[in-house]
Amino acid sequence: MRRILFSWHGLNIYSYPAMLYVGLLAGVFAGAYVAQSSGMSADRFAVAVAILLIPALAGSRLYFVLTRWDIYRHDPARIWRRTEGGMAMYGGFILVVPLSIPLLRWLGLPFGSFWDAAGLTILLGMAFTRIGCFLNGCCSGRPSEAWFALFLPDHHGIVQRRIPTQLMEMVFAMMLFGAALALRNYAPFPGAIFCSVVAAYGLGRWYLESLRDDETGGRDKTVMQATSIFLVIAALAGLAFVWV
């Protein structure tokens, strides 16, 4: 575990927020490049992402907190503590997609094409964020004697052989990122790449949740898996509706 990535003149740089910010920055540049190559304004794309980041981060944190409300209700000051890891991308994602509709209309950006590019931003950001989770000790895998298990800590710092779920999700996100880049010129319609990524990620996340060490006694796993299935169904329905 390396919760403090490094210290500089007495200032501690924490691993989780550092990797989150690096991932967001890399993701925005990657998304802006794809947006520009698709005929959109890279500047307007970046503005849209910057505006949507605020509700995305808030929604991600609140989703995480709500699944652990029995912990946070006794210490509300922890909810927005920057040194503490804990965010769930699903919360921000579910919030910003509908919020983006009027924003994209105002900025003159096509909804489907924007989210095709923004999907890459999310995937790259997710990959870096999982490195932050790995260093922070959060989102740890359950104890296991499997050949691929590593000696890793949980959020309490207890080290034992665990399934490296953080690294597995990082690799999965990068695989989806590469596939989305390779297939974007073959998409049948704007938004198809985004829907495909959401469906694929939802299925992968549903499986990975079964490998995690759930500190909530199964509540977090149940909520995450239910959300994953909901997003898979919604993404496949979107593909079918527009394609047909």
Exercise. Applying 1/(1 + (r/R0)^6) with R0 = 51 Å to the Cβ-Cβ distance of TRP69 and SER41, what FRET efficiency is obtained, to the nearest 0.05?
Worked result: 0.80
Exercise. Karplus couplings for the range 189-206 from phi (6.51 cos²θ - 1.76 cosθ + 1.60, θ = phi - 60°), rounded to Hz, Gly and Pro as x?
Worked result: 6, x, x, 5, 5, 4, 4, 5, 5, 4, 5, 5, 5, x, 5, x, 5, 4
Exercise. Taking only DSSP H segments of four or more residues, each worth -39500 (n - 2.57), what value at 222 nm results for the chain once the sum is divided by all its residues, to the nearest 500 deg cm²/dmol?
Worked result: -22500 deg cm²/dmol
For this session: Using the Karplus curve 6.51 cos²θ - 1.76 cosθ + 1.60 with θ = phi - 60°, work out ³J(HN,Hα) for each residue of the range 31-44 in order, rounded to whole Hz, and write x for Gly and Pro.
Result: x, 5, 5, 5, 4, 5, 5, 9, x, 8, 7, 5, 5, 5
For this session: Could you tell me which of TRP80, LEU53, PHE172 has its Cα farthest along the dipole of the chain towards the positive end, charges placed at Cβ (Lys, Arg +1; Asp, Glu -1), taken about the Cα centre?
Result: TRP80
Exercise. Over all distinct alpha-carbon pairs, what is the Kirkwood Rh of the range 160-240 in angstrom?
Worked result: 13.8 Å
Problem set entry | Most to least packed among 219-230, 23-34 [average Cβ atoms within 10 Å] | 23-34, 219-230
Exercise. Which whole-number percent is the relative contact order of the range 4-243 (Cα, under 8 Å, 6+ apart)?
Worked result: 19 percent
Problem set entry | Only Lys, Arg (+1) and Asp, Glu (-1) charged, at Cβ; the chain dipole about Cα centre in debye | 240 debye
Exercise. Under a point spin-label approximation (7 Å from Cα along Cα-to-Cβ), what is the ARG105-LEU183 distance to one decimal in nm?
Worked result: 3.0 nm
Exercise. Can you give the extra length, in nm with one decimal, that the chain gains between TYR207 and ALA77 once fully stretched, where that is 0.36 nm per residue apart less the Cα-Cα distance?
Worked result: 43.5 nm
Problem set entry | Percent of Cα pairs exceeding the 28 Å cut-off, where the set is the chain | 32 percent
For this session: Just subtract the alpha-carbon distance of LEU25 and TRP147 from 0.36 nm times their residue separation and send over the number in nm, one decimal.
Result: 40.4 nm
Exercise. So how tilted is helix 219-243 from the main axis of the chain? Cα-based, degrees 0 to 90, rounded to 10.
Worked result: 10 degrees
Problem set entry | Extended-chain gain in nm, criterion 0.36 nm per residue less alpha-carbon gap, LEU57 and ALA234 | 61.5 nm
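We did not get these values from a lab; they are worked out from the coordinates using the rules stated. Predicted model, so just to flag it, every value in this text is computed and none were measured. Glycine also receives a Cβ, built like all others from the backbone with ideal geometry; neighbour counts cover every protein chain displayed.
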